[in-house]
Amino acid sequence: MIAETVCSAAAVAGLGIAVVTAYRKRFLAAARIAAYALVPLGLVMTGVVEWAADTAFSPTAWAGFAVLGGAWALFATTRTVERRRGGTRKERRAAARSARAEAVAPAASAPSLGQASRPASRPAAAPRPTGGADDFSDIEAILKKHNI
């Protein structure tokens with residue numbers, strides 16, 4: 001009952017501040033203050049404040065929070081151990097699939113390509129000229145494109 005009264009009083013005080021701010025012709029700030037002032041009133045009207053007050057003084061609720069904390073700690077511990085072992089679940093599954101695939105069909109059964117079908121080496125790229133005029137040809141093209 002006291003929490004509802006305090007929230008309602010805070011809402012009324014906030015709305016009063018919003019009126020004073022609007023009187024000073026700062027309407028955007030006044031609207032923002034009014035929005036913040038209406039939040040506690042809305043929480044009281046929806047029953048959230050009563051629920052929070054009941055939860056704060058309930059031993060069952062605190063036991064529930066303790067169970068949730070234990071579950072979170074267990075989850076965090078298992079994630080830490082999993083990371084230390086190396087890899088995630090997806091990586092371990094992919095490794096297991098590749099191990100099974102190699103056991104069923106070894107790489108030696110793949111058709112081999114002869115040496116003649118492969119190119120001996122890549123052709124060398126043409127050397128770029130390092131003359132003074134050619135250095136700025138790209139820049140000139142960009143400037144011409146933008147009519148500069």
> Let a ≥ b ≥ c be the square roots of the eigenvalues of the Cα gyration tensor of the range 12-59; is it rounded (a/c under 1.5), or, if not, prolate (a/b larger than b/c) or oblate?
Replying inline: prolate
> Is any residue of the range 19-42 close enough, with backbone N under 18 Å, to a label point placed 7 angstrom from the Cα of ALA13 along the Cα-Cβ axis, and if so, which?
Replying inline: 19-21, 33-42
> Using a simple spin-label model with points 7 Å from Cα along the Cα→Cβ vector, what separation in nm is obtained for VAL67 and ALA96?
Replying inline: 3.1
> Quick one: net charge of THR77's neighbours, Cβ under 12 Å, K/R +1, D/E -1?
Replying inline: +2
>> Can you compute the FRET efficiency between PHE27 and THR55 using 1/(1 + (r/R0)^6), with r the Cβ-Cβ distance and R0 = 41 Å? Round to the nearest 0.05.
In response: 0.60
> Loop-only check: which trypsin sites (Lys or Arg not before Pro) in the range 1-59 are DSSP coil with at most 11 other Cβ within 10 angstrom?
Replying inline: ARG24, LYS25
> From the square roots a ≥ b ≥ c of the eigenvalues of the alpha-carbon gyration tensor of the range 1-92, which class results: rounded (a/c under 1.5), prolate (a/b over b/c), or oblate?
Replying inline: oblate
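Each reported figure results from applying straightforward, stated rules to the coordinates on display, with no laboratory input. Keep in mind it's a predicted model, so treat the numbers as computed, not measured. A quick note on method: Cβ atoms are made from the backbone with ideal geometry, for glycine too, and the neighbour counts reach across all protein chains shown.
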